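**Student:** One structure coming up, written as structure tokens, with questions to follow.
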Amino acid sequence: MSDSPLDIAPDARFGPATLPYGVYSTASDPRTRVGVAYGDHVLDLAAAARAQGAPFADVVDGPNLDALLAAGKPVWDEVRAALTTWLTDPADAVRPHLVERAEVTLHLPFTVADYVDFYASEHHATNVGRIFRPDQEPLTPNWKHLPIGYHGRSGTIVASGTDIVRPTGQRKPPTESTPVFGPSVRLDIEAEVGFVVGTPTRMGERVGVDDFADHVFGVFLLNDWSSRDLQAWEYVPLGPFLGKSFATSISPWIVPLSALEAARVEQPAQDPEPLPYLRGSEPWGLDLRLEVRINGHLVSSPPFSQMYWTAAQQLAHMTVNGASLRTGDVYASGTVSGPEVAQRGCLLELTWSGKEPLRLPDGTERTFLEDGDEVTITATAPGPDGTRVDFGEVTGRILPAR
Ligand code: MN
């Protein structure tokens, strides 16, 4: 081992298997620009590309990832191949373009276009059905035939680290006959995985399950902050609205889909077999292992590999009616919950609607979030040859209602 700043341990955070893209600024240079995380460093991608004479330099030389997203898969592959060469075969030419990761401020990495949130964990949907509709079948009749989703509010997608103001609104306590108004008292998280579309489509076109990798650029972590009391009162018959739209946080480092080849697994068996447009020829389950912490205490370890519907099926379903895709479209998996109690991705399930409080190691108890609570979601996935792909984190702290 030399003491080159480019030599990092194979299992370090953001090792050579990950090479995620983000947008950063520094105290001495407030321009936002595209960076690539590598160990404890961030590479100024445009500066490195110029120095190397890379043909894609213009595409990465902007204030965010928008142009790279729009450039399409051949360019995504070209950039990643170049990065792998530059960073793992230490080239003095890129060394001047590295900054310490601890010194950068990270920003929302791309312009968010539309936003869809799905509901793809059978364990989550079953638990929520039991809690919200105890005298009915927990899964609705459509659940195993199509990936259920709703259109969310893209304008309130924020970067990790943004404070979240407790929402205010209408709720109807079960003991009252009319609603009351005030701060939400059942504020929750949803640990999810997000996907960003690069290559758009025209209205009237569909994307097949097998064309997923041509359209989706990358993967990140997403916290779908949820007000359960607002949600319970408003959601019938049209679905989530103000209980969700106040804020959604995303992790700042976008892991390219091509970094997840070694993480691809078969999804759980689907019975009944879905309609032909939801069948693909290759597995798109992804073995991401999430961890959820409240104020630093681990409260859940949701396994993404257990999701009933894959992101490839979700994209096919989202476009089967001819709805177009735009560069920057975000869609989220839905709360990731596994079969075990300690694998549930939201407090609604973890505390069974507040009936079974969580005891944190600091001696306090939680049913739902309190003002000042900080929630952090992290994840890793297997990379090639025993390496690890790291998603970094998405974090946010609750501020009192205004
Ligand atoms: Mn959600």
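**Student:** Calculated FRET efficiency, Asp92 and Arg397, Cβ-Cβ r, R0 51 Å, to nearest 0.05?
**Tutor:** After rounding, the FRET efficiency stands at 0.80.
**Student:** Let me ask something additional. From the C-alpha gyration tensor of the chain, pull out the three semi-axes of the equivalent ellipsoid (sqrt of 5λ each), sorted largest to smallest, in whole Å.
**Tutor:** After diagonalising the Cα gyration tensor, the semi-axes are 36, 24, 20 Å.
**Student:** Moving on to the next point. Return the carbon/sulfur percentage of the accessible area of the chain, one whole number, probe 1.4 Å, all protein chains in place.
**Tutor:** 52
**Student:** Just Pro134, Pro256, Pro382 to compare: in a GNM of the chain, with alpha carbon springs under 10 Å, which one fluctuates most?
**Tutor:** So, out of Pro134, Pro256, Pro382, the one fluctuating most is Pro134.
**Student:** Output the antiparallel fraction of DSSP beta bridges having both residues in the stretch 139-269, as a percent to the nearest 5.
**Tutor:** 85
**Student:** Could you tell me the convex hull volume per residue, in Å³, taken over the Cα atoms of the stretch 9-103?
**Tutor:** About 89 Å³ per residue, rounded to a whole number.
**Student:** I'd like to check one number: the per residue accessible area of the chain, probe 1.4 Å, reported in Å² as a whole number.
**Tutor:** 42
**Student:** Calculated FRET efficiency, Trp352 and Glu266, Cβ-Cβ r, R0 41 Å, to nearest 0.05?
**Tutor:** Efficiency computed from Cβ-Cβ geometry: 0.85.
**Student:** Could I ask something else about it? Between Gln52 and Ala102, what FRET efficiency comes out of the Förster formula 1/(1 + (r/R0)^6) with R0 = 30 Å and r the beta carbon distance, rounded to 0.05?
**Tutor:** Result of the calculation: an efficiency of 0.70.
**Student:** Take every DSSP beta bridge with both residues inside the chain and express the antiparallel ones as a percent of the total, to the nearest 5.
**Tutor:** If I count the DSSP bridges inside the chain, around 90 percent turn out antiparallel.
**Student:** Also, I was wondering about something else. Have a look at Val158, Val112, Val104 and tell me which one the Gaussian network model of the chain (Cα, springs below 10 Å) gives the largest fluctuation.
**Tutor:** Val104
**Student:** Also: Plugging the Kirkwood radius over Cα pairs into Stokes-Einstein for the stretch 69-176, at a temperature of 25 °C and a viscosity of 0.890 mPa s, what D comes out in µm²/s?
**Tutor:** Stokes-Einstein gives a translational diffusion coefficient of 124 µm²/s.
**Student:** For the chain, modelled as a GNM with alpha-carbon contacts under 10 angstrom, which of Gly204, Gly149, Gly194 fluctuates the most?
**Tutor:** Looking only at Gly204, Gly149, Gly194, the largest GNM fluctuation is found for Gly204.
**Student:** A further question on this structure: Just check the stretch 301-402 against the gyration tensor rule for me: Cα atoms, a ≥ b ≥ c as the square roots of the eigenvalues, rounded for a/c under 1.5, and otherwise prolate or oblate depending on whether a/b exceeds b/c.
**Tutor:** Verdict is prolate for the stretch 301-402.
**Student:** In deg cm²/dmol, rounded to 500, what helix-only [θ] at 222 nm does the chain give when every DSSP H run of at least 4 residues adds -39500 (n - 2.57) and the total is split over its residues?
**Tutor:** -4500 deg cm²/dmol
**Student:** Given Cα positions, please report Rg to Rh for the stretch 152-282, the hydrodynamic radius being the Kirkwood one.
**Tutor:** The Rg/Rh ratio comes out at 1.06.
**Student:** A further question on this structure: Once you have the Cα-Cα distance between Phe181 and Phe241, take 0.36 nm times their residue separation minus that, and quote the gain in nm to one decimal.
**Tutor:** Working it through step by step, the gained length comes to 20.0 nm.
**Student:** Taking all pairs of distinct Cα atoms, average 1/r, flip it, and tell me the Kirkwood hydrodynamic radius of the stretch 222-302 in Å to one decimal place.
**Tutor:** Taking every pair of different Cα atoms in the stretch 222-302, averaging 1/r and inverting gives 16.5 Å.
**Student:** Also, I was wondering about something else. Just to check, using Stokes-Einstein with a Kirkwood Rh over alpha carbon pairs, what's the diffusion coefficient of the stretch 277-331 at 37 °C and 0.692 mPa s in µm²/s?
**Tutor:** Estimated diffusion coefficient is 241 µm²/s.
**Student:** Heavy atoms only, 1.4 Å probe, whole protein assembly: order Met307, Met318, Met203 by accessible area, highest first.
**Tutor:** The ranking, largest first, comes out as Met203, Met318, Met307.
**Student:** Please calculate the 1.4 Å probe accessible area of Lys144, with all protein chains present, and give it to the nearest 10 Å².
**Tutor:** Approximately 50 Å² for this residue.
**Student:** So for each of 265-278, 116-129 I average, over its residues, the number of other beta carbons within 10 Å; can you give me the resulting order with the highest mean first?
**Tutor:** Output ranking for 265-278, 116-129: 116-129, 265-278.
**Student:** Right, next: State log₁₀ I(q)/I(0) for the stretch 135-209 at q = 0.13 Å⁻¹ as given by the Debye formula over alpha-carbon point scatterers of equal weight, solvent excluded.
**Tutor:** -0.81
The values are calculated or read from the model by the stated rules, or taken from the named source; none is laboratory data. Given the structure is predicted, the values throughout are model-derived calculations rather than measurements. FYI the Cβ positions are ideal-geometry reconstructions off the backbone, even for glycines, and counts take in every protein chain you see. All accessible areas refer to the heavy atoms of the entire protein, side chains included, with ligands and DNA or RNA removed. Shrake-Rupley method; radii C 1.70, N 1.55, O 1.52, S 1.80 Å.
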